[in-house]
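Report on the structure given below.
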Amino acid sequence: MEALNNILTRVSARELSSPYPSKDEMELVYKAALRAPDHAWLRPSTFIEVKDEALDRLSKIFVKFGKSLPDISDEVLNKYQNAPYRAPMIIVLVNTFKDHPKVPAIEQKLSTATAAQNIMLALNSMNYSSIWRTGKLAFNEMVQTELGLKSNQEILGYLYIGTEVGKKKKIPSLDIDKFVTYL
């Protein structure tokens with residue numbers, strides 16, 4: 001029942017602060033991530049952990065990307081520069097496509113997405129919080145290149161991680177019949 005309660009109570013955090021998980025805690029989190037469904041055991045999911053001074057390096061990469069855009073406003077550039085500092089730790093979700101006759105690219109991406117959910121649930125079970133962010137900073141070749149990724153790798157998002165501060169989001173009540181049909 002604890003596992004089910006963990007799933008039912010997990011919510012993305014609005015505001016994150018220190019502390020973030022320890023190295024030993026993150027080892028468990030990564031082990032949970034790698035339990036995601038993975039057809040043919042291709043292991044398409046890898047992670048880049050960003051914290052401390054590495055947040056500054058990620059900020060510089062985001063600014064470099066922003067400056068490459070035509071007509072970017074100072075406001076948007078400032079937003080890109082400050083993005084890494086919204087949490088004390090970030091995990092970059094990397095999907096590595098591996099050519100396989102029975103496992104298409106989308107299935108490999110879904111495996112990495114499931115790994116991300118496992119990370120978020122593992123963190124929630126340890127009383128940490130997270131939020132998954134995507135957008136232009138995730139889906140572009142320049143940031144991927146700056147992070148040293150290969151042509152068969154792509155960023156599927158960033159998990160911002162820490163301890164939730166401020167007002168917690170309310171979990172909406174959902175009518176299951178609006179989401180489920182029966183044959």
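Based on this model, can you work out whether Val50 counts as in contact with a helix residue (DSSP H, G or I) (Cβ under 7 Å, 6 or more places away or on another chain) and either surrounded by 14 or more Cβ atoms within 10 Å (Cβ to Cβ) or among the hydroxyl-bearing types (Ser, Thr, Tyr) (or both)? Spell out the reasoning first.
Working: in contact with a helix residue (DSSP H, G or I) (Cβ under 7 Å, 6 or more places away or on another chain): yes; either surrounded by 14 or more Cβ atoms within 10 Å (Cβ to Cβ) or among the hydroxyl-bearing types (Ser, Thr, Tyr) (or both): yes.
It is true that Val50 is in contact with a helix residue (DSSP H, G or I) (Cβ under 7 Å, 6 or more places away or on another chain) and either surrounded by 14 or more Cβ atoms within 10 Å (Cβ to Cβ) or among the hydroxyl-bearing types (Ser, Thr, Tyr) (or both).
Out of Ser59, Ser73, Ser68, which single residue is more than 22 Å from Glu27 (Cα to Cα), surrounded by 12 or more Cβ atoms within 10 Å (Cβ to Cβ) and of a type in the set (Gly, Ala, Ser)? Show your work before the answer.
Working: Ser73 fails: surrounded by 12 or more Cβ atoms within 10 Å (Cβ to Cβ); Ser68 fails: surrounded by 12 or more Cβ atoms within 10 Å (Cβ to Cβ).
Unique residue meeting the criteria: Ser59.
Could you list all residues from segment 155-175 that are aliphatic (A, V, I, L, M) and either without any contact (Cβ under 8 Å) to a residue 24 or more places away in the chain or more than 21 Å from Ala116 (Cβ to Cβ) (or both)?
Initially, segment 155-175 is screened for residues aliphatic (A, V, I, L, M), giving 155-156, 159, 161, 165, 171, 174.
Answer for segment 155-175, where residues must be aliphatic (A, V, I, L, M) and either without any contact (Cβ under 8 Å) to a residue 24 or more places away in the chain or more than 21 Å from Ala116 (Cβ to Cβ) (or both): Val165, Leu174.
Has segment 16-35 got at least one residue that is modelled with pLDDT of 95 or more, assigned to a helix (DSSP H, G or I), surrounded by fewer than 15 Cβ atoms within 10 Å (Cβ to Cβ) and on the phi > 0 side of the Ramachandran plot?
Looking through segment 16-35, none of the residues is modelled with pLDDT of 95 or more, assigned to a helix (DSSP H, G or I), surrounded by fewer than 15 Cβ atoms within 10 Å (Cβ to Cβ) and on the phi > 0 side of the Ramachandran plot.
For segment 52-168, please list each of the helices (runs of 4 or more DSSP H) lying entirely inside it that holds at least 2 residues being touching a strand residue (DSSP E or B) at 6+ places or on another chain (Cβ under 8 Å) and among the small types (Gly, Ala, Ser). Before the answer, list the steps.
Numbers: elements: 54-68, 74-82, 105-125, 141-146.
Here the list reads 105-125.
Report the residue count in segment 57-67 for those that are touching a residue at least 24 places away in the same chain (Cβ under 8 Å) and either out of contact with any helix residue (DSSP H, G or I) (no Cβ under 6 Å at 6 or more places or on another chain) or closer than 15 Å to Ala113 by Cβ (or both). Outline the logic, then answer.
First pass over segment 57-67, keeping only residues touching a residue at least 24 places away in the same chain (Cβ under 8 Å): 58-59, 61-62, 64-65.
Subsequent filtering for residues that are either out of contact with any helix residue (DSSP H, G or I) (no Cβ under 6 Å at 6 or more places or on another chain) or closer than 15 Å to Ala113 by Cβ (or both) retains 64.
Going through segment 57-67 one residue at a time, the tally reaches 1.
Among the residues of segment 76-107, write down those that are surrounded by 14 or more Cβ atoms within 10 Å (Cβ to Cβ), without any contact (Cβ under 8 Å) to a residue 60 or more places away in the chain and polar (S, T, N, Q).
Selection gives Gln81, Thr96.
The values are calculated or read from the model by the stated rules, or taken from the named source; none is laboratory data. Just so it is clear, the model here is predicted, and its values are computed rather than measured. A quick note on method: Cβ atoms are made from the backbone with ideal geometry, for glycine too, and the neighbour counts reach across all protein chains shown.
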